[in-house]
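As structure tokens, the structure follows; a few thoughts come after it.
Here, each number is a calculation from the coordinates, and none is a lab measurement. If you're wondering where the values come from, they're calculated on a predicted model, not measured in any experiment. No Cβ is skipped: glycine too gets one built from the backbone with ideal geometry, and neighbour counts run over all protein chains shown.
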Amino acid sequence: MRLALLLICASAAFAQDGFRPLFNGKNLNDWIVDTPGLWRVEAGVIIGKSPGLKYNDFLRTKKHYRNFVLKVTFRMTDETGKANSGIQFRSKPMEGSHEVIGYQADMGQQYWGCLYDESRRKKVLVNASGAALATLRKSDWNEYTITARGNRITLELNGVKSAEWVENEPVEDSGFIALQLHGGPPLQMEFKNLLVKVLPD
């Protein structure tokens, strides 16, 4: 009873802030599963486990988002130190491929806290700030806050601004959100507390 009350109070607090769960905490019914068997749900946590893929894999929302604030708590288990993952947003599928096209809040290797342009310009748009990297706990839980409003993108890592980008090219300004398992070394990604607040256009 006490736990249920706490959950109700927490939900009310999120509602007041305008945030809503992006994930129902039980299953992946609201998501498009790219490769069955790689993604599962345990105790309210989305888990992606790669045995070592030859391609990038993405768990995608069915709904598209344009202007929003997204909060995601994540943890990477990477025994090689060479694995990579990320959170896609304002993204679209690449026809005939596992790949997607769009912005990515990157993580892993030298890319923690960076804003990357996946399958489009194929480069880091903004490197992470030293202040944000100082908060990083590579083998523990961290939080990304992604704000997309108009042509301005801001990433925060553990509450510290990591990257800011003003888009001056005519790229997609709406699309799905997706969780990535990068091709290459084996890794496990865990995602929880996925909350999104839709901003007015």
Response to the item:
For ARG137, ARG75, ascending order of other Cβ atoms within 10 Å (fewest first) is ARG137, ARG75
Worksheet entry | Derived scalar couplings ³J(HN,Hα) [segment 67-80; Karplus, 6.51 cos²θ - 1.76 cosθ + 1.60; whole Hz; x for Gly, Pro] | 9, 6, 10, 10, 10, 9, 9, 9, 9, 10, 10, 9, 6, 8
Worksheet item: So who's got an amide H within less than 5 Å of the one on ILE101, skipping anything under 5 residues away but keeping other chains? H placed 1.01 Å off N, in plane.
Response: LYS92, MET94
Worksheet item: Taking N as the number of residues in segment 29-112, what is its alpha-carbon radius of gyration divided by 2.2 N^0.38 Å?
Response: 1.11
Practice prompt. Give the long-range amide H neighbours of LEU199: residues separated by 5 or more places, or on another chain, with amide H under 5 Å away, using H modelled in the peptide plane at 1.01 Å from N.
Written response: ASN67, PHE68, VAL69
Item to complete: Report relative contact order for the chain in percent, whole number only (criteria: Cα-Cα under 8 Å, sequence separation at least 6).
Response: 32
Worksheet item: Once every DSSP H run of n ≥ 4 in the chain is given -39500 (n - 2.57) and the sum is divided by its residues, what mean residue ellipticity at 222 nm do you get, rounded to the nearest 500 deg cm²/dmol?
Response: -3000 deg cm²/dmol
Worksheet item: Tell me, what ³J(HN,Hα) does each residue in segment 124-132 have, in order and in whole Hz, if you take phi through Karplus 6.51 cos²θ - 1.76 cosθ + 1.60 with θ = phi - 60° and put x for Gly and Pro?
Response: 6, 7, 9, 7, 5, 6, x, 5, 5
Discussion item. Give the separation of the Cα centroids, segment 15-56 to segment 108-128, in Å.
Written reply: 22
Worksheet entry | Proximal lysines to LYS161, defined as alpha-carbon separation beneath 22 angstrom and excluding residues fewer than eight positions away on the same chain | LYS71, LYS123, LYS138, LYS192, LYS197
Worksheet entry | Two-decimal Rg/Rh across the chain, once Rg and the Kirkwood Rh are taken from alpha-carbon atoms | 0.94
Fill in: Within-11-Å neighbourhood charge of PHE19 [Cβ basis; K, R +1; D, E -1]
+2
Worksheet entry | Farthest positive-ward along the chain dipole, Cα basis, beta-carbon charges - from ILE177, SER162, CYS114 | ILE177
Worksheet item: In the neighborhood of TRP39, defined by Cβ-to-Cβ distances under 12 Å, what is the net charge if each Lys or Arg adds +1 and each Asp or Glu adds -1?
Response: -1
Discussion item. Which of the three applies to segment 16-55, rounded, prolate or oblate, going by the alpha-carbon gyration tensor with a ≥ b ≥ c and a/c under 1.5 meaning rounded?
Written reply: prolate
Item to complete: Output ³J(HN,Hα) for segment 150-158: one whole-Hz value per residue in order, computed from phi by the Karplus curve 6.51 cos²θ - 1.76 cosθ + 1.60 with θ = phi - 60°, and x for Gly and Pro.
Response: x, 9, 10, 10, 10, 10, 10, 10, 6
